[in-house]
Amino acid sequence: MTLSVHQLVEHTFRLEYGRVLAVLISQFGDFTLAEDAVQDALVIALEQWQAEGVPANPGAWITAIAQRRAISRLRRHQTAQRNQGRLVEPTENEDEPEEREDEMNAIPDERLKLMFTCCHPSLAQDAQVALTLRTLGGLSTVEIARAFLVPVATMAQRLARAKNKIRDAGIPYRIPPAHLIVERLDALLTVIYLIFNEGYTATSGETLIRQDLCREAIRLARVLVDLLPPSPISAEARGLLALLLLHDSRRAARVNAAGELVVLEHQDRGQWHTAQIDEGTAILEHALSMQRPGPYQVQAAISALHAQAASAAATDWSQIAALYGVLLTMIPSPVIEVNRAVAVAMAESPQAGLRLLLPLDDEMREYFPYHAAHADLLRRSQQREAAADAYQRALELCQNALERAYLQRCLNEMNGE
């Protein structure tokens, strides 16, 4: 399907947003100015690309325009003299897209610097994660609010406060010394994990997978592993990288030729990416050898068990259920309890899973995967009417088009349609 210019502009900005924003914040030291300038570039792209066509190097074009708009905004507000030391005037390279693209590719640390700035310990961790998702991942405020299960207005205020604190406190834009990295590591790992999750199963929209976010999360995880010292401190970062690679190895099998969601049980395992599975497994084994276990390593071990099974029936569900039990001791969470209940259902019986799932009903009332899991276990235990009710509730809460279509097919089956 041919994309319209509007769709192409939107796709390009999704892909380039984090990189362009990091470059501008590096040059001007102002989150708001950088974001406004990128939005200016978006408006200009919608006008010019329609009339003149898409440039050969969209990322270079967006960066050059956004830089000029940032300088223009500074001058209009009569702050050019005060900010002269931070201004970067457009150079001839900005008229040479190939040269500008090479320059952008040569500075991957700009995004990592921005991530460490967003994850400064003076910010609350939820603000660290939200701000990094906004700036590095390019997620909208609406998408981040959904990821955190909070109102959009609340998330907008959280983002504004975080940016203001960075500005007012003069938080440095740099990669900290190695001995200070550890105190920001938990937030960094959470950020990368959430960016990947949003890419792997988009909270809303017409597509299930946003490959740009998956790739960006894996890239950031690799950079972080390379940056950390090769000691037990890096075990969880390696565990996260292994987890992302193992999850991403199944990406091609998650949607069939008709564009429909395919759940893990019915996926064509021949489409799973063997090289990613091998790499992820090797990284996990390295992480585990450091003998500093953590939740990302446990989740990667669960994913590795799925990857190693020749079929859904051959999956070691008992071991997976046991690993979810270990994970619960590390990070008690009703979401993990839902996953453990499903694993127990597969290892023992649907009824055993339901006994673990039902006590979570009040706490998980607004969490659609809970209702989807509940419906599936009811279906497996031949409680069709109750399963239909659970599928209906999941449909009411789900915002992704492909997931909704899958749930609707399940509901129709329960209703005999």
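If the condition is being farther than 20 Å from GLU285 by Cα, out of contact with any Asp or Glu (no Cβ under 8 Å at 6 or more places or on another chain) and in a helix (DSSP H, G or I), then segment 220-269 contributes LEU220, ARG251, ALA252, LEU264, GLU265, HIS266, ARG269.
Determine if segment 113-133 includes at least one residue that is in contact (Cβ under 8 Å) with a residue 60 or more places away in the chain, farther than 21 Å from GLU183 by Cα and either in a loop (DSSP other than H, G, I, E, B) or in contact with a helix residue (DSSP H, G or I) (Cβ under 9 Å, 6 or more places away or on another chain) (or both). The answer is no; no qualifying residue exists. Limited to segment 309-324, what total is found for residues that are part of a helix (DSSP H, G or I), surrounded by fewer than 17 Cβ atoms within 10 Å (Cβ to Cβ) and either among the charged types (D, E, K, R) or in contact (Cβ under 8 Å) with a residue 24 or more places away in the chain (or both)? Residues meeting the conditions: 1. Give the residue that is surrounded by the fewest Cβ atoms within 10 Å (Cβ to Cβ), with candidates limited to residues of segment 134-145 that are among the aliphatic types (A, V, I, L, M) and outside any helix (DSSP H, G or I). For segment 134-145, the residue satisfying everything is LEU136.
Considering segment 39-78, and only residues there that are more than 19 Å from HIS6 (Cβ to Cβ) and surrounded by fewer than 17 Cβ atoms within 10 Å (Cβ to Cβ), the residue that is modelled with the lowest pLDDT turns out to be GLN78.
Annotation for segment 347-370: no member residue is touching a helix residue (DSSP H, G or I) at 6+ places or on another chain (Cβ under 6 Å), surrounded by fewer than 16 Cβ atoms within 10 Å (Cβ to Cβ) and of a type in the set (A, V, I, L, M, F, W, C). Tell me yes or no: at least one residue of segment 146-153 is surrounded by 23 or more Cβ atoms within 10 Å (Cβ to Cβ) and part of a helix (DSSP H, G or I). Within segment 146-153, none of the residues are surrounded by 23 or more Cβ atoms within 10 Å (Cβ to Cβ) and part of a helix (DSSP H, G or I). Residues in segment 262-293 that are surrounded by 19 or more Cβ atoms within 10 Å (Cβ to Cβ) and either at pLDDT below 95 or not aliphatic (A, V, I, L, M) (or both): GLN276, GLY280, THR281.
One line per residue, one yes/no per condition, for (1) modelled with pLDDT of 95 or more; (2) among the small types (Gly, Ala, Ser); (3) closer than 22 Å to GLN267 by Cβ:
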{"position": "ALA313", "(1), (2), (3)": "no, yes, yes"}
{"position": "LEU327", "(1), (2), (3)": "yes, no, no"}
{"position": "GLU337", "(1), (2), (3)": "yes, no, no"}
{"position": "ALA352", "(1), (2), (3)": "yes, yes, no"}
{"position": "ARG365", "(1), (2), (3)": "no, no, no"}
{"position": "ALA405", "(1), (2), (3)": "no, yes, yes"}
{"position": "GLY416", "(1), (2), (3)": "no, yes, no"}
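Out of ASP40, ASP30, one residue alone is farther than 18 Å from ILE171 by Cα and of a type in the set (Asp, Glu). It is ASP40.
The helices (runs of 4 or more DSSP H) found entirely in segment 325-417 that carry 1 or more residues being among the acidic types (Asp, Glu) and either more than 28 Å from VAL298 (Cα to Cα) or touching a residue at least 40 places away in the same chain (Cβ under 8 Å) (or both) are 384-397, 401-414.
Scanning segment 1-27 for residues that are closer than 14 Å to LYS113 by Cα and either without any contact (Cβ under 8 Å) to a residue 24 or more places away in the chain or hydrophobic (A, V, I, L, M, F, W, C) (or both) yields VAL20, LEU21, ALA22, VAL23, LEU24, ILE25.
The values are calculated or read from the model by the stated rules, or taken from the named source; none is laboratory data. Because the structure is predicted, anything quoted here is derived from the model rather than measured. Cβ sites come from the backbone with ideal geometry, for glycine too, and all protein chains shown count toward neighbours.
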